[in-house]
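No lab work stands behind these numbers, since they all come straight from the coordinates. Here the structure is a predicted model, which means the values were calculated and not measured. With ideal geometry, Cβ positions are generated from the backbone for all residues, glycine too; neighbour counts draw on all protein chains shown.
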Amino acid sequence: MAWGHCTHKTPGGGSLTTTDSRPAHVGQDKPEASAPPDDAQLAAARKKAHRRKNSKNWSLFLLFAGPNILLILAFIYYPLAMNMYFSSLDWRLGAPRADPVGLANYQRFFTSPSGLEVWRVTGIFTAGAVLGSMILGLLIALVLNKKIPGRTFARTAVFSPYVLSGVGVALVWMFIFDPQRGALMFILDRIGIESPQWFLDPDANLLMVIIVYVWKNLGYCAVVFLAGLQSIPKDLLESATIDRAGPVRRFFSIVLPLLTPTVFFLLVTNIIFSMTNAFDILRVMTPTGNGTNTIIFEIYLQSFGQFNRAGYSAAIAVVLFFTLFIITAVQLRFVERKVHYQ
Amino acid sequence: MKQSTISHSWKGIAAFSVAALAITACGPDTNGGDAAEEAADTDWADVEPAESIVFATNHPGGSEDIEAEFIDEFTEETGIEVEVITSGANYEETSQWFQTGGGSNADVVVLSDATWFPNYLNDALIPVDDVLEAADIDVSGYVDALYEDYLYEGSHYGVPYARSTPLFYYNVEHYEEAGIDAPPETWEEVAEISQTIVDEDLAQFGYAFPPSDEYPAWGMANLVWGYGGAWSEEWDFSTVSSDETVEALEFAQSGVEDGWANVAATSQTDDFSSGVASQTIQSTGSLGGIMDTADFEVGTAFLPDGPAAEGETPTGGAGLMLAAASSPEEQLASAMFVGYMTSADVQARFSEETGYVPSHQESDMSDVYADTPQFETAVEQLERARVQDFARVFLPGADLELATTLQSLLTSGDDVREEMERVEAEFESLYETDLADEIDG
């Protein structure tokens with residue numbers, strides 16, 4: 001190998017030849033004292049410099065990111081790993097002893113009638129909550145996107161339930177739904193309809209919590225949809241109007257395709273939220289989970305709600321984690337392909 | 001290069017092993033050890049009480065101030081300091097807190113009749129008989145059934161503290177308007193009076209049954225016992241689907257079908273206080289709240305008799321338990337404390353302040369009776385108190401199963417026998433899954 005050229009290994013393993021810009025005397029014979037360093041010395045020096053730089057980079061990285069990484073490890077990954085370990089035990093909450101049972105807790109959840117019922121309820125609740133929030137949120141966003149009087153107030157009013165406490169929301173709605181004394185009962189009574197037994201019938205229970213969850217969540221969807229609507233170029237809509245496209249045609253041919261990134265984002269976040277964040281409403285409105293026993297409620301019920309099954313509950317929590325992981329991965333892999341980015 | 005790969009592999013294995021060790025070290029013992037064997041018999045004669053103890057309480061019945069008052073008096077009397085920890089908003093939270101290690105420094109803990117048993121199974125409680133004797137606490141004054149609630153395998157695991165029973169409530173004004181001069185003594189009379197009230201259009205319903213989240217298996221135990229049935233006979237669950245139990249539940253179901261009774265949507269207390277229903281059964285602890293809310297005169301009566309038994313009254317509420325993790329010195333001091341908190345005078349004042357029934361037979365309640373004569377019924381009814389069935393208070397998940405089944409039966413018209421046979425099978429399954437190994441040894 002001649003001086004003036006050197007070969008570097010690229011990260012991918014291939015070689016890259018570059019021209020050395022050092023003076024021409026480099027590499028010529030010189031007295032011993034000022035002899036140029038040989039290849040090994042140069043490589044060692046480079047390696048040392050590289051190591052020093054690496055070490056400096058690592059120190060900076062650890063200085064800035066270290067505390068966060070430690071916190072994430074301590075409060076997310078360590079509990080996650082502990083939970084996975086607990087899911088392999090037959091363990092009563094707080095008991096000093098437990099029996100390792102391998103995957104038996106998972107097998108039980110996927111094969112028992114109560115486990116299958118949890119999947120059914122979770123599916124209905126998630127579908128109702130996500131579709132309800134997104135469709136109503138989009139309709140409200142379309143209205144709020146128009147220049148109407150009191151638009152700012154209306155936007156605030158629509159969004160405010162989203163930031164309210166779920167417990168408070170649930171308590172207020174319990175009064176509304178009360179079939180003996182509730183506000184809804186009075187309205188239905190005026191039009192000659194008897195109030196359904198919202199709290200006693202499992203199906204009505206499920207419908208009731210879906211309505212409340214959608215009411216609380218649709219402000220979030222409306223605001224995100226509104227942001228999406230405002231990013232659609234006006235000239236496109238104006239051109240379509242000039243071409244005599246009606247409002248429905250403009251919506252389905254221009255607005256909706258350009259909103260697909262927003263729809264995709266909301267779909268992912270809403271599914272995750274509805275499967276994990278609805279616990280407060282469910283717990284307050286239906287304390288025994290009668291007809292509303294979604295997977296997040298089942299985790300609570302099995303560990304704290306009388307059963308005290310810490311190991312089994314941990315297994316259901318792991319199932320929820322991987323369910324959300326898989327749903328998100330599938331959505332990223334397949335649904336995103338159909339998303340139209342501007 | 002090869003050496004480097006091996007080195008990385010070993011590092012990975014080592015890191016994984018350390019992580020696995022860290023995880024398993026923090027979990028429960030999986031080697032089959034028995035912590036109970038480690039508990040040696042204590043010779044209490046050699047033990048001096050500790051100078052301070054920790055009391056974990058959810059302040060039942062809004063008792064924070066009165067508990068603090070009692071603690072000051074106890075410290076003044078004995079010199080033992082008591083640190084109070086608020087362990088939750090209710091009995092369930094307190095038990096969860098104690099079970100999950102939050103209460104690892106608690107010496108005395110308030111646990112309900114339905115939550116102390118898992119803590120017993122976890123070896124977290126000590127039997128109190130010997131230590132109470134060492135602390136010179138006379139247990140003969142406790143209401144028998146209230147103390148027997150904590151009896152298991154020949155030892156008591158708590159003393160009765162914040163106790164309650166169900167009580168029969170009725171709307172005096174509705175009774176007067178319907179010409180009814182006395183509350184019902186039997187369930188048949190409850191049905192007759194309820195039908196009269198509905199016929200006279202005095203209320204929408206004559207009687208309100210509890211919904212699933214208001215512990216219907218507790219409130220309806222009297223009805224089932226009255227017909228000779230039960231939720232269980234110790235660990236024998238066949239009684240839950242016996243002819244007697246089925247007959248009792250068919251009676252309740254027919255009440256809703258015939259229209260003289262309903263199942264309250266949110267709480268039978270609300271239905272009664274608002275005048276939707278003229279009669280109900282609810283905890284003695286709800287008396288104060290009902291009297292504050294109702295704009296009519298409230299009457300109270302003993303729980304009704306059934307065709308097979310006098311109106312037996314299920315016990316309820318919470319007791320004081322001693323932690324197994326405490327030192328003998330702390331346990332002895334704790335025994336002195338629980339003895340003080342359940343003494344006749346303290347229980348009378350606690351009852352007056354909270355609405356719980358006094359657990360001591362010698363508590364003087366005359367001042368309370370003068371102000372609230374309805375409360376006298378609650379205290380006198382203690383003579384009929386009966387310890388609850390194992391299935392409801394000891395079998396994990398059984399109370400929830402009963403609660404949802406009872407609500408469903410009363411509102412749907414399902415076949416009672418078929419449903420209760422399903423419940424029996426469910427109880428057997430719960431027992432096999434969660435208890436059999438420990439109970440049967």
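Nearest 500 deg cm²/dmol is fine: what mean residue ellipticity at 222 nm does chain A get from its DSSP H runs of n ≥ 4 alone, each adding -39,500 (n - 2.57), divided by its residue count?
Taken over chain A, the calculation gives -21000 deg cm²/dmol.
Whose amide H sits under 5 Å from the amide H of B:ILE85, counting only residues 5 or more places off or on another chain, with H placed in the peptide plane?
B:PHE55, B:ALA56, B:THR57
Using a 10 Å cut-off around each Cβ of peptide B:114-127, what is the average number of partner chain Cβ atoms that fall inside?
The mean count of partner-chain Cβ atoms within 10 Å per residue comes to 2.
Once you list every other residue whose beta carbon is under 14 Å from the beta carbon of B:SER267, what net charge do they have if Lys and Arg are +1 and Asp and Glu are -1?
That works out to -4.
Using R₀ = 25 Å, calculate the FRET efficiency as 1/(1 + (r/R₀)^6) where r is the Cβ-Cβ separation of B:ASP43 and B:ASP72; round to 0.05.
0.20
If we sort B:158-164, B:231-237, A:154-160 on the protection proxy, mean other Cβ atoms within 10 Å, highest first, what's the order?
B:158-164, B:231-237, A:154-160
Estimate the FRET efficiency between A:MET82 and A:ARG244 by the formula 1/(1 + (r/R0)^6), using the beta-carbon distance for r and 60 Å for R0, to the nearest 0.05.
So, using R0 = 60 Å, E works out to roughly 0.40.
Run the quick spin-label model on B:ASP364 and B:ASP258: label points 7 Å from Cα toward the beta carbon, then report their separation in nm to one decimal.
4.8
Just report the Cα centroid separation between region B:348-410 and region B:167-188, whole Å.
21
Taking the Cα centre of chain A as origin and charging only Cβ (+1 Lys, Arg; -1 Asp, Glu), how large is the dipole, in debye to the nearest 20?
With Lys and Arg at +1 and Asp and Glu at -1, about 920 debye.
Nearest 0.05, what FRET efficiency do A:ARG333 and B:SER52 give at R0 = 60 Å with Cβ-Cβ as r?
That pair, A:ARG333 with B:SER52, gives E of 0.45.
What does the average come to when, for each residue of peptide B:396-407, you count the partner chain Cβ atoms lying within 10 Å of its Cβ?
What the average comes to for B:396-407 is 4.
Which helices, counted as full DSSP H runs in chain A, have an axial Cα extent of no less than 24 Å and a Kyte-Doolittle average of 1.0 or above?
A:113-144, A:202-230, A:256-276, A:310-333
Under a Cβ-only charge scheme (Lys and Arg +1, Asp and Glu -1), can you give me the dipole magnitude of region B:228-340 about the Cα centre, in debye to the nearest 20?
It comes to approximately 440 debye.
I'd like to compare A:258-267, A:287-296: which one has the highest average count of other Cβ atoms within 10 Å, and what's the full order after that?
Put in order of decreasing packing, that is A:287-296, A:258-267.
Antiparallel as a % of all DSSP beta bridges within chain B, to the nearest 5?
DSSP beta bridges in chain B are roughly 60 percent antiparallel.
Based solely on its DSSP helices, what 222 nm [θ] is calculated for chain B when runs of n ≥ 4 H residues each add -39,500 (n - 2.57) and the sum is averaged over all residues, nearest 500 deg cm²/dmol?
Taking each H run of at least 4 residues, the total per residue is -13500 deg cm²/dmol.
Is the C-alpha gyration tensor of chain A telling us rounded, prolate or oblate? Criteria: a/c under 1.5 is rounded; beyond that, a/b larger than b/c is prolate, otherwise oblate.
Oblate.
Report the one residue of A:LEU73, B:ILE85, B:SER286 whose Cα lies farthest in the direction of the positive end of the charge dipole of the protein assembly as shown (charges on C-beta: Lys and Arg +1, Asp and Glu -1; origin at the Cα centre).
Looking along the dipole axis, the top candidate is A:LEU73.
Quick one: putting +1 on the C-beta of Lys and Arg, -1 on the C-beta of Asp and Glu, what dipole do you get for the protein assembly as shown around its Cα centre, in Debye to the nearest 20?
Its charge dipole is roughly 10780 debye.
Could you tell me which of A:MET134, A:PRO113, A:ALA227 has its Cα farthest along the dipole of region A:113-338 towards the positive end, charges placed at Cβ (Lys, Arg +1; Asp, Glu -1), taken about the Cα centre?
Looking along the dipole axis, the top candidate is A:ALA227.
Test of understanding: extend the Cα→C-beta vector of A:LEU63 to 7 Å, then name every residue of region A:41-55 with backbone N under 20 Å from that spot.
A:49-55
Using a basic spin-label model with each label point 7 Å from the Cα along Cα→Cβ, how many nm lie between B:GLU438 and A:ARG51?
5.7
For B:HIS156, which sequence-distant residues (separation of 5 or more, or a different chain) have an amide H within less than 5 Å of its own amide H, given hydrogens modelled in the peptide plane?
Here the answer is B:VAL128, B:ASP129, since their amide H atoms fall under 5 Å of that of B:HIS156.
If you take the square roots of the eigenvalues of the alpha-carbon gyration tensor of the protein assembly as shown and sort them as a ≥ b ≥ c, do you get rounded (a/c under 1.5), prolate (a/b over b/c) or oblate?
Taking the square roots of the gyration eigenvalues as a ≥ b ≥ c, the protein assembly as shown is oblate.
How would you order B:123-130, B:331-338 from highest to lowest mean count of nearby Cβ atoms within 10 Å?
Peptide ranking by packing, descending: B:331-338, B:123-130.
Roughly how many nanometres apart are two label points built 7 Å out from the Cα toward the Cβ at A:THR156 and A:ALA40?
It works out to 7.8 nm between the two label points.
Could you tell me the center-to-center distance, by alpha carbons, between region A:175-205 and region A:247-290 in angstrom?
Each part reduced to its Cα centre gives a spacing of 26 Å.
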